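What follows draws every value from the coordinates through simple rules; no lab data is involved. Only a predicted model underlies this, so the values are computations on that prediction, with no experimental measurement involved. So basically every Cβ, Gly included, is an ideal-geometry build from the backbone, and we count neighbours across all protein chains shown.
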Amino acid sequence: MTISKNILAGSGAVAEPYEINQSLIFSQTNDYLKRIPSSAGNRRTFTLSYWVKIGTIDGTSRVILTAGTSNSDVFHHNFESGGTPDDALRVVYYASGAFQINVTTNRVFRDPSAWYHIVLAIDTTQGTAANRVKMYVNGVQETSFATSVYPSQNLELNVNTATAHWIGQYHSADFPLRSYLAETHFIDGTALTPSSFGETNSATGQWIPKEYGGSYGTNGFYLKFVSGAIGTDSSGQGNNHSVSNISNAYILLDTPTNNFCTLSSLNVGATFYEGNLKATTAASDGRRILATIGVESGKWYWEFKPLGNVANGIALGVTLTSDVTTGNLAASAAPAWGWYSQNTNDGYSVTSSTYSQIGPYMNANDVIGAALDLDNSTITFYKNGSAANVAITIPSSGLFIPVFGDGTNSGGSSFEVNFGQKTFAHTPPSGHVALSTANLPNPAIALPEKHFNTALYAGNNAANRAITTGMEPDLVWLKTRNATNWHNLFDSVRGAGAVMYSNANTAETTRSDSLTGFSSTGFTVSQNAAYNDLNASDHTYVSWNWKAGGSAPTKTYAVKVVSDSGNKYRFDDFAASAQTVDMQEGGTYTFDQSDSSNSNHPLRFSVTSNGSHGGGSEYTTGVVTTGSPGSSGAKTVITVAASAPTLYYYCTNHSGMGGQANTNSTRGSTNFTGSSKGIVSANVAAGFSIVSFTGTGAWQTLGHELGVIPEVVITKARSVQQDWYWVHTEVDGTLDYMVLNTAVPNANGSATVPTSSVFQTQYAANQTNIAYCFASKPGFSKIGVYKGNGNADGPFVNCGFKPAYILIKRTTAGTDIDWYQSDSASNPTNDGSTLMTWPNHNYTQQTHTGYAIDYLSNGFKLRNASGYLNASNAPAFYMAFAESPFKYANAR
């Protein structure tokens, strides 16, 4: 199968060291490969390595490999359903009337949006029972099992005997795989680890395939699933497989090295088949079917074919809301922009919740092309290769997700889609590419753990103990996992030892035996017997860590000279002159004197107030001057040395123009953007900044330095007892607030909506305060609202990345409105439960099946009917941070 180069070659494509060209869909019953070995191989030791992309998730088992033709002597390896837990990975050998092997993971496999690499290694000669059966997922060995019956030492299995071996179903034509397979190796006689077949890409953190260079043994094989030679063994052993009910049409370009968009089988109530490229909804269902990939920029093309029931309404388009899967395509609860056709006379465009008749209509088997142009904020539809309507205007920003299904609630629909994994029926418009990971733009943050991560550790009572986070944290949120200690929040702007508590409204406390320092690789903690909240030997801990400006920020101040009781320096057009400026040790600060008002006023530094005019001399450590003040390029640049003294800026020619320049071991630099100045440490790439400021007693604006509008600003008084205010714009676009330390519903706020430079707040005069500002960043963070459905099969929220951390708060009134947070380090696998904490309580970190959430490659799925997280029709605020951008994500 081929596809035009312009479709595959997106501007963001990253060459992988080893490319897989094709995969094979096992779609339905009697889709399988089969082989009967002519002679026995090694019946005690073998390895199966394969890449799989999950298709239908519908409560039935899906078999990868079976050996044997009778239930009395059968080996099978499958995704298990109808057991405990559902959708787990299982390996079984049943013989002599008993389970000789029965190993089932606690991890469940229900991420249909990306690829898993799975290795099954069996070696019954091992002396330790648990070493006789090993399963690995994405390079990591599974160690948590729901069942664990291991074989007796030296047991001989029916694998590698002269019996039928099936790939894709059970021997009795039951339990079809209904998933994609790629890069499938079987090694006869050796138990291998994943490193023989895969490796970690150091630039992206992704587990990727690599070429296998070892031997295969007597009955080993390598299936590349080549078009025209689907069952051909590429190992050189000649162990070819017969093919049943599988044509070349089932060979697709969707692979672990170029993962294509499909329909998401996480939808409730729809039936999916043929690799999630076809779907059917029930009559009167009003179903929305979402795709797996959302995009925020670029030009994209896909095709849609109605297969019937056109008169009952059928539609396609894009939506910004991933959690709503019911309601017609123009439902006001979940706006969409698209095209829907209800009968042979009507063709409509859909703009948010408004229909406009545009014609033409869709017939069954018409090919409808969708061209999404996010560079120009439009979507255009084509019918059988010809433009069907004018471009529909869509919003200018957001995560746009393809959506399909019923145009009305009057009937079901059946359709198929093609995102480019098959040859397109028609040539895409110029510049439009297929929706696949190779074409996604390279994320600005390829390794999110350098900007946010979670660290788990056990206490040891040591003083100044170093906790490694692998990054440079500026905000550390610490919680004892196995005890009811309070949540401790520290940041590098307030300084080590200054602690506040998310579950209390108390003022800041300074404790020398708490978090004692920040470093380039983590932080240090000490133990206090009165608290036991940071490093007690009988306690375990979790820390959530965000990087702001770090230890070596850069900042530029635009300098002007103004008349203010004599000439004075003024920075960034702030309202007052000769202001004290705070500079961080290790930071580099540029004082730009190119404005003409600076002529004949060279700005320099001294350890003496007013410099040479006060009897002092010029301070030159780390200082570089360039150009003539008042002309282009003129500047004074200082890189502040460690333990630098308090400095004063002054004019070498005139007395009384300058002010004080504090050099601080705490982090952050003075920002003059708002009506009040603050001290800011900002990570623009990650959309996070910390702002320290003093209240004025009136409304004041403060600079946040993010360059975009922050969706969340969390403020807390440091010097007095006062609530944590969580100000956001997510529920209805206006400025609302919640209280972090209490369980209260969302309320309307009085402040103005933040801008890309400032936010507004009000605190008492001379009161010291702190603010944490957050803005969503593609591939790294997502802030939004989803609506619950009150069902254990809850909504799915597409974040555009694999989450590492999720915080949720129901916004409406009720009894179940506490805050909730969890992380992927505490929950390394999806197992039907979630280990979580409550930010507004001091509870231990607890495992709850009733609050279960699946962390997936492109977002998270609610697997509970909890009133806290998934109350019917109740909006819930969420904030998520990435473990991996979707472009580089393995299935989870």
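Among HIS841, HIS601, rank each residue by its count of other Cβ atoms within 10 Å, from fewest to most, as a rough exposure measure.
HIS841, HIS601
Dimensions of the range 620-688 from C-alpha coordinates, computed as largest minus smallest value along each principal axis and given longest first, are 40, 30, 24 Å.
By how many nm would the segment from THR506 to ALA641 grow when fully extended, if each residue of separation counts as 0.36 nm and the alpha-carbon distance is taken off? Could the numbers behind the result be given before it?
On the way: separation 135, 0.36 × 135 = 48.60 nm, distance 3.54 nm.
Fully extending the segment from THR506 to ALA641 adds 45.1 nm.
A simple spin-label model places pseudo-atoms 7 Å from Cα toward Cβ; at ASP573 and SER195 they are separated by 6.0 nm.
Measuring between their Cα centroids, the range 51-88 and the range 366-390 lie 41 Å from each other. Taking only the C-alpha atoms of the range 248-301, the Rg (one decimal) and the largest Cα-Cα distance, Dmax (whole number), read 13.2, 39 Å.
Classify the range 448-546 as rounded, prolate or oblate from the Cα gyration tensor: take a ≥ b ≥ c as the square roots of its eigenvalues, call it rounded if a/c is under 1.5, otherwise prolate when a/b beats b/c and oblate if not.
Values: a/c = 1.40, a/b = 1.16, b/c = 1.21.
It is rounded, given that a/c, with a ≥ b ≥ c, falls under 1.5.
If only the Cβ of Lys and Arg carry +1 and only the Cβ of Asp and Glu carry -1, the dipole of the chain around its Cα centre is close to 460 debye. Of the beta bridges in the chain, as assigned by DSSP with both residues counted there, near 95 percent are antiparallel.
The distance from the alpha carbon centre of the range 238-300 to that of the range 572-625 is 62 Å, rounded to a whole number.
The range 107-158 and the range 845-892 have Cα centres lying 27 Å from one another.
As a proxy for reagent exposure, ranking LYS479, LYS787, LYS809 by other Cβ atoms within 10 Å from fewest up yields LYS787, LYS479, LYS809. Can you return the aspartates and glutamates within cross-link range of LYS568? Criterion is Cα-Cα under 20 Å, with same-chain partners fewer than 8 residues away left out. List returned: ASP582, ASP592, ASP595, GLU618.
Using C-alpha pairs under 8 Å with a sequence gap of at least 6, the mean separation divided by the residue count of the chain gives a relative contact order of 10 percent. Value of Rg to Rh for the range 33-252, rounded to two decimals, is 0.93; Kirkwood radius and Rg both from alpha-carbon coordinates.
Tell me, HIS77, HIS704, HIS241 in order of fewest to most beta-carbon neighbours within 10 Å? Mind dumping the intermediate values first?
Numbers: HIS77 23, HIS704 31, HIS241 20.
Least to most surrounded, the residues fall as HIS241, HIS77, HIS704.
Diffusion coefficient (Stokes-Einstein, Kirkwood radius over C-alpha pairs, 10 °C, 1.306 mPa s) for the range 717-778: 122 µm²/s, rounded to a whole number. Using helices alone, what [θ] at 222 nm do you get for the chain, with -39,500 (n - 2.57) per DSSP H run of 4 or more residues, divided over all residues and rounded to the nearest 500? Result for the chain, helices only: 0 deg cm²/dmol. For the pair VAL607 and GLN153, label points projected 7 Å from Cα toward Cβ lie 7.4 nm apart.
Measuring how big the range 678-774 is from its alpha-carbon positions, Rg and Dmax come out at 12.5, 33 Å. Both numbers refer to the Cα atoms of the range 373-461; Rg and Dmax are 20.4, 72 Å.
Applying a threshold of 31 Å to the alpha-carbon distances of LYS450/LYS479; LYS716/LYS887; LYS422/LYS887; LYS555/LYS802 flags LYS716/LYS887; LYS555/LYS802 as lying beyond it. Where (i) 1.40; (ii) 1.05; (iii) 1.28 are the candidate values, the label of the one calculated here for Cα Rg over 2.2 N^0.38 Å is (ii).
Find how much the distance from SER537 to ASN482 grows on full extension, using 0.36 nm per residue of separation minus their present alpha carbon separation; answer in nm with one decimal.
Values: separation 55, 0.36 × 55 = 19.80 nm, distance 1.17 nm.
Going from the current span to full extension adds 18.6 nm.
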